[in-house]
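J.: Okay, handing you the structure first.
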Amino acid sequence: MCGIVGYIGPKDALPILLEGLKRLEYRGYDSAGIAISHNGKILVRKKAGKVASLVAEIEKSDGLPKAHLGMGHTRWATHGAPNDLNA
């Protein structure tokens, strides 16, 4: 099953979105992604595997800037291979 979590508010969106994704892990998935809005741009990070793999990818790329709007998702590959591109 897939899951979607979103946040709009005064706090930094990233930790809230990651916590939401961790809470969705029980549903089963093969990849996860985060998108945040920052300075008029949408910044995306996505990774095949568990949410921990996504967190490692975000940390590897020097994180993401603070944002007050974002969404995250988990994906189960019903179409396309479970890889980074399709995450």
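J.: Note the full-extension length gain between Ile4 and Lys41 as 0.36 nm times their separation in residues minus their Cα-Cα distance, in nm to one decimal.
T.: That works out to 11.3 nm of additional length.
J.: Run through every distinct alpha carbon pair of the range 28-87 and return the Kirkwood hydrodynamic radius in angstroms, one decimal place.
T.: 11.8 Å
J.: Same structure again: Using only Cα atoms and rounding to the nearest 10 degrees, what angle (0 to 90) does helix 51-60 make with the longest principal axis of the chain?
T.: 50 degrees
J.: State in Å² the accessible area per residue of the chain; use a 1.4 Å probe, count heavy atoms of protein chains only, and round to the nearest integer.
T.: Averaged over the residues of the chain, the accessible area is 60 Å².
J.: Please list Leu85, Leu21, Leu43 in order of solvent-accessible area, largest first, computed with a 1.4 Å probe with all protein chains present.
T.: If we order Leu85, Leu21, Leu43 from most to least accessible, we get Leu85, Leu43, Leu21.
J.: Here is a follow-up. Within the chain, how many Lys pairs that are eight or more residues apart, or on different chains, come under 15 Å at the alpha-carbon?
T.: Here the count comes out as 7.
J.: Tell me the carbon and sulfur percent of the accessible area for the chain, rounded to whole percent, probe radius 1.4 Å.
T.: That share works out to 60 percent.
J.: Turning to a different aspect of this structure: Please compute P(r) over all alpha-carbon pairs of the range 1-63, binned at 5 Å starting from zero, and give each bin as a whole-number percent.
T.: 4, 17, 30, 26, 15, 6, 1
The values are calculated or read from the model by the stated rules, or taken from the named source; none is laboratory data. Just so we're clear, the structure is a prediction, and the values are computed from it rather than from any experiment. Please note that ligands, DNA and RNA were not included when accessible areas were found on the heavy atoms of the full protein model with its side chains. Shrake-Rupley method; radii C 1.70, N 1.55, O 1.52, S 1.80 Å.
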